[in-house]
Amino acid sequence: MLDGGRLSHGEMETGHGIVMLATPSPDYEGPRRHREHCESARAWSTVPWVVDGVLVYVDDVDAHHRRAVLAGATILTPPEAGEPGRRYRAEDPEGHRRMFLEHRR
């Protein structure tokens with residue numbers, strides 16, 4: 001759906017999932033910008049955890065991590081083993097965090 005030439009809502013199917021996309025309102029402020037003036041946001045961003053983000057299953061965490069590093073991603077934690085599986089965490093340029101988890105078969 002387009003609103004004045006901008007995407008207001010869109011969906012993409014990928015494998016067994018759906019990714020929904022939208023254009024934020026003019027008042028939107030990404031996490032990175034928000035923590036510039038909010039002490040609480042700065043405080044909870046000092047840890048590498050994905051407090052409010054996305055979990056993405058990938059086939060090979062190490063290969064995915066290498067590509068992310070080469071692309072200039074901000075890596076919060078390197079690939080590590082643990083429950084529920086091998087994973088790493090990264091942050092995009094807006095400050096949104098994602099955890100990439102190797103899908104167990």
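Being among the charged types (D, E, K, R) and modelled with pLDDT of 90 or more is the filter; apply it to the stretch 28-52 and report the residue that is surrounded by the fewest Cβ atoms within 10 Å (Cβ to Cβ). Step through it out loud before you land on a result.
Keep residues of the stretch 28-52 that are among the charged types (D, E, K, R), which gives 29, 32-33, 35-36, 39, 42, 52.
Next, only the ones that are modelled with pLDDT of 90 or more stay: 29, 32-33, 35-36, 39, 42.
Values: E29: 15, R32: 16, R33: 13, R35: 18, E36: 10, E39: 7, R42: 12.
Ranking the qualifying residues of the stretch 28-52, first place goes to E39.
Those helices (runs of 4 or more DSSP H) of the stretch 11-105 in which at least 1 residues are hydrophobic (A, V, I, L, M, F, W, C), at negative phi and touching a Phe, Trp or Tyr at 6+ places or on another chain (Cβ under 7 Å), considering only elements entirely within it, cover 61-70. Against the numbered list (1) in contact with a strand residue (DSSP E or B) (Cβ under 6 Å, 6 or more places away or on another chain); (2) not assigned by TED's automatic domain parsing to the domain that holds L101, R87 comes up short only at (2). When we screen L2, L55 for residues that are of a type in the set (A, V, I, L, M), modelled with pLDDT under 90 and more than 14 Å from G95 (Cα to Cα), the only hit is L2. State yes or no: is G85 at pLDDT below 95 and within 20 Å of G15 (Cβ to Cβ)? When the stated conditions are applied, G85 passes them.
Scanning the stretch 68-86 for residues that are under 17 Å from the mean Cα position of the chain (by Cα) and exposed (fewer than 10 other Cβ atoms within 10 Å of the Cβ), we see that the one that is farthest from R97 (Cα to Cα) is L70. Taking residues in the stretch 42-63 that are without any contact (Cβ under 8 Å) to a residue 40 or more places away in the chain, and partners anywhere that are among the hydrophobic types (A, V, I, L, M, F, W, C) and surrounded by 12 or more Cβ atoms within 10 Å (Cβ to Cβ), the pairs with Cβ atoms closer than 9 Å and at least 6 places apart or on different chains are V47/L76.
The values are calculated or read from the model by the stated rules, or taken from the named source; none is laboratory data. Model, not experiment: these values are computed from the prediction. No Cβ is skipped: glycine too gets one built from the backbone with ideal geometry, and neighbour counts run over all protein chains shown.
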